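All remarks here apply to the structure that follows.
The values are calculated or read from the model by the stated rules, or taken from the named source; none is laboratory data. These numbers were taken from a predicted model, which means no experiment stands behind them. Cβ: placed from backbone, ideal geometry, glycine included. Neighbour counts: every protein chain shown. Heavy atoms of the whole protein, side chains included, go into the accessibility calculation; ligands, DNA and RNA do not. Shrake-Rupley method; radii C 1.70, N 1.55, O 1.52, S 1.80 Å.
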Number of protein chains: 2
Amino acid sequence: MIKLVITIYDIAEKAGVSAMTVSRVINNTGRISEDTRKRVRKVMEELNYIPNSAARSLVSQKTNILSLLIADITNPFYTTLARGAEDAAKKAGYRLLFANSDENYAKEKDYVDMMLSTRVDGVLFAPTGDLSVDNLNRLLQHQIPLVILDREVPGIEADIVLGDSKEGAKTLVEHLVSLGHRRIAMINGSPDVSTARLRYTGYREALVLSGLPMDDELVVHLGFRVFHEDAALDALLTLKDPPTAIFAANNLLAVGIIQSLRERGLQVPEDISVACFDDIGPAEMINPFLTVAAQPAYQFGLLGMQLLIERIEAEAAQPPRKIMLPSDLIIRSSTRELQRKETNDGAEG
Amino acid sequence: MIKLVITIYDIAEKAGVSAMTVSRVINNTGRISEDTRKRVRKVMEELNYIPNSAARSLVSQKTNILSLLIADITNPFYTTLARGAEDAAKKAGYRLLFANSDENYAKEKDYVDMMLSTRVDGVLFAPTGDLSVDNLNRLLQHQIPLVILDREVPGIEADIVLGDSKEGAKTLVEHLVSLGHRRIAMINGSPDVSTARLRYTGYREALVLSGLPMDDELVVHLGFRVFHEDAALDALLTLKDPPTAIFAANNLLAVGIIQSLRERGLQVPEDISVACFDDIGPAEMINPFLTVAAQPAYQFGLLGMQLLIERIEAEAAQPPRKIMLPSDLIIRSSTRELQRKETNDGAEG
DNA sequence: TTAAGCTGTGTTACCGATAACCCAAAAATA
DNA sequence: TATTTTTGGGTTATCGGTAACACAGCTTAA
């Protein structure tokens, strides 16, 4: 029976040297004669040696593992981001421990415990919202290098990569206004998420700059997960002066909204225009439909990971950095020019 | 300055006991008086103690980490699968180390090294193809519990969860035949991937059962990644008797094909029908378009992970198990009844 | 010729936790 | 009361590596 787990001691014995010599060969440290080096290397290959990360971590106090926590793995924004993060981590020789909070604070907390226990070298963290402050502070207390993604968390000072939510929202709403829409509803994420607040601010600014009145009845705050709140939509649609366009704070909300509208017999964009933040994945390539403020999701992950690795490998402390990525207005067919109402037509159904 | 990393020795000292007693409290082993237990617990909370996984792994020879390797993180099939795997892993108290081979054998190999070095307790492995046999054998040599996903690899005996590729393909092609199509092309993945072979077999069977001739000119073998092979499509479209329908072996191929067709001024389904394996994500919910054989991706991940955990925690050795999940024919609007040709029309361009 | 320096390698201790073994004091039994 | 058993806990060695130090033998400069 072949020995299953080979250690440096097995190598050392077979090569007739000490374990320390083997360690030196592996790490290219110290002085080793070319002769010994070759002999050790050969034995290592013969025995198919693989170093034990746990043992190495224990003494080096480094795990070579980074962690990526995203808020919603069903959202193409986050999976694309994950891809960017993975590429950058792999390039720098780190392993990636992957976690998905499902926009759920408790799950997020569990994962933070896991990260601390694993002693990961750094964390790329897309917070669920302002509540994440405790979880983030735990990481900071333990001096774990940290880069935050997508959402700012009040009270936390750390490197961060985020999108320009306010400008993106403003551009999107201005686009709707330019199409003639005057009654523009917003269906927003939870107000304890920074992006939801900023997108709301952008929405307001666009209205103000266009000389349109703010109507609180047109604004609904939900969550960022898939939309199920039919009641909210009912409330909007039964207003005396219902909206002719809806701005959804993210992609999955928009998908749910459009489905709900269809169930009510309303067509997009014929009856109502819909625009949202974030693109929605490969399907959009075959039937370009949603008008969106597309964020560079891959860049979020890539740049975030690069910042993190720099932070980990930096000699001296640096002040927190902030990268803000613009979003890109992509006009497709879910929005269109407001049709003049035929008021004398009396057609209600 | 607060001590950053707290060990059981710090707890022991402050609680006036030995490290072993602290270890016993943490693991609920041995005999500890209620009094000491409480005291130790209190100190642990005060100092915000978090066990060191590496140290624990070193002695227990278990890491509590499982690894998930998928073949293409841009494909919604795999991300949905990942979600199922993550849910099952979390439920059982395991951490998940995440890897993406990008359908690339060399990347896959790197990740296998990483898994071995990490001494993961088990691996959920979606192979890139038949070449993966070496990588899989490395894991097996080291007796790492293993469950394979989605693609069979000749020469490897292990638990496996896969879809019924042959039946799915057959159903899809039969659907095209039932719409009157007689010239049905197949754009397939690489022939060294089991699903590509089986989908081809299903395609053939459907043709044979329908009494249609096989025409090798109608079959193209590419890869499973996003489609860029315009030349292949050109060849199909310039045949004397070109296809009126295309069966794509997976979702991303279909997306690429449809884009390419559009660039050539061909409309789907008006000019040509397209059907494929695997659904394409949330966008499909707003504009249902692609006719697909949808596989239960989430179940792939969930069941695979459950098998893996059973395998890890099983007392005795069990023979390899195989779970085959059926796919679901979803007829949408990318396929439609073949229109009678106006042969006397002479319209060639 | 001799002290000093370099080369190549071994020894020892330690990272943080736990298994295996040991043992004093208290409780139970003879 | 003497002996056995139980309770509650401590000691030591070990997991697989690596840092720090030691040191023999050869080279080189004084």
- Item | A:L266/B:S178 FRET efficiency (R0 35 Å; Cβ-Cβ; nearest 0.05) | 0.55
- Calculate the spin-label point distance for A:A19 paired with A:E34, positioning each point 7 Å from the Cα along the beta-carbon direction, and give it in nanometres. 3.1
- The whole-number value in µm²/s of the Stokes-Einstein translational diffusion coefficient for chain B, with Rh from the Kirkwood sum over alpha carbon pairs at 25 °C and 0.890 mPa s, is 106
- Let me know the mean shielding of B:101-112 by other chains, meaning the per-residue number of their Cβ atoms within 10 Å of its Cβ. 1
- Query: Using the Cα atoms of segment B:8-51 to build a convex hull, what is its mean projected area in square nanometres?
  - Reply: 2.6
- Message: What are the ³J(HN,Hα) couplings of segment B:168-180, residue after residue, when phi is run through the Karplus curve with 6.51, -1.76, 1.60 and θ = phi - 60°? Round to Hz, x for glycine and proline.
- Response: x, 5, 4, 4, 5, 5, 4, 4, 5, 4, 5, 8, x
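Give the percent of DSSP beta bridges with both residues in the protein assembly as shown that are antiparallel, rounded to the nearest 5.
Among the beta bridges of the protein assembly as shown, antiparallel pairing accounts for roughly 10 percent.
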- Query: Taking the Cα centre of chain A as origin and charging only Cβ (+1 Lys, Arg; -1 Asp, Glu), how large is the dipole, in debye to the nearest 20?
  - Reply: 1780
- Message: Which one, A:S57, A:T21, A:P191, is farthest towards the positive end of the dipole of chain A when Lys and Arg carry +1 and Asp and Glu -1 on their Cβ?
- Response: A:T21
- Note on the structure: Of A:D110, B:D10, ordered by accessible area with the largest first and a 1.4 Å probe, the sequence is A:D110, B:D10
- Note on the structure: Ordered by number, the GluC sites (Glu not before Pro) in segment A:245-349 that occupy a DSSP loop and have at most 14 other Cβ atoms within 10 Å are A:E270, A:E315, A:E337, A:E342, A:E348
- Note on the structure: For B:K62, the residues 5 or more places away or on another chain with a placed amide H closer than 5 Å to its own amide H are none
- How far apart, in nm, are the 7 Å Cα→Cβ label points at B:E337 and B:Q143? 6.4
- Item | Fully extended contour minus Cα-Cα distance, from B:N27 to B:L131, at 0.36 nm per residue | 33.1 nm
- Query: What do you get when you divide the Cα radius of gyration of segment B:1-146 by 2.2 N^0.38 Å, with N the number of residues?
  - Reply: 1.38
- Shielding by partners for B:47-54, please: the mean number of other protein chain Cβ atoms within 10 Å of each residue's Cβ. 6
- Would you mind telling me which residue in A:E86, A:E174, A:E217 has the biggest mean-square fluctuation in a Gaussian network model of chain A, where springs connect alpha carbons within a distance under 10 angstrom? A:E217
- Item | segment A:216-257 - Debye-derived log10 I(q)/I(0), Cα point model, q = 0.21, 0.22, 0.26 Å⁻¹ | -0.65, -0.71, -0.97
- Query: Using 1/(1 + (r/R0)^6) with R0 = 51 angstrom and r between the beta carbons of B:Y105 and A:D192, what's the FRET efficiency to the nearest 0.05?
  - Reply: 0.65
- Give me the percent of the accessible area of the protein assembly as shown that comes from carbon and sulfur atoms, probe 1.4 Å, all protein chains in place. 51
- Query: Relative contact order for chain A: what is it in percent, counting Cα pairs under 8 Å that are at least 6 residues apart?
  - Reply: 18
- Query: Among B:R332, B:R41, B:R95, which one moves the most in a GNM of chain B with springs linking Cα atoms closer than 10 Å?
  - Reply: B:R41
- Query: On alpha-carbon atoms, Rg over Rh for segment B:61-110 using Kirkwood Rh?
  - Reply: 1.02
- Item | Long pairs among B:K90/B:K170; A:K107/B:K322; A:K91/B:K166; B:K38/B:K90; A:K107/B:K62; A:K62/B:K62, criterion Cα-Cα beyond 27 Å | B:K90/B:K170; A:K107/B:K322; A:K91/B:K166; B:K38/B:K90
- Item | 20 °C / 1.002 mPa s Stokes-Einstein diffusion coefficient of segment B:129-198, Kirkwood radius on C-alpha pairs, µm²/s | 153
- Task: Report Rg(Cα)/(2.2 N^0.38 Å) for the protein assembly as shown, keeping two decimals.
- Result: 1.08
- Query: Using only the Cα atoms, what convex hull volume per residue in Å³ does segment A:218-349 have?
  - Reply: 142
- Given the protein chains as shown and a 1.4 Å probe, how many square angstrom of B:R138 are accessible, to the nearest 10? 40
- Student exercise, the protein assembly as shown dipole from Lys, Arg, Asp, Glu Cβ charges, in Debye to nearest 20: 2740
- Note on the structure: Kirkwood radius from Cα pairs of segment A:161-229 plugged into Stokes-Einstein at 37 °C, 0.692 mPa s, gives D in µm²/s equal to 267
- Message: Can you classify segment B:180-282 as rounded, prolate or oblate using the Cα gyration tensor, where a ≥ b ≥ c are the square roots of its eigenvalues, rounded means a/c under 1.5, and otherwise it's prolate if a/b beats b/c and oblate if not?
- Response: rounded
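What size of dipole, in debye to the nearest 20, comes out for segment A:8-51 about its Cα centre when the only charges are +1 on Lys and Arg C-beta atoms and -1 on Asp and Glu C-beta atoms?
Dipole of segment A:8-51, to the nearest 20 debye: 180 debye.
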- Solvent-accessible surface ranking, highest first, for A:D215, A:D150 at 1.4 angstrom: A:D215, A:D150
- Note down the nm distance, to one decimal, between modelled labels 7 Å out along Cα→Cβ at B:V208 and at B:K91. 4.0
- Note on the structure: Placing +1 on each Lys and Arg Cβ and -1 on each Asp and Glu Cβ in chain B, then taking the dipole about the Cα centre, the residue among B:L222, B:S33, B:Q339 whose Cα reaches farthest towards the positive end is B:S33
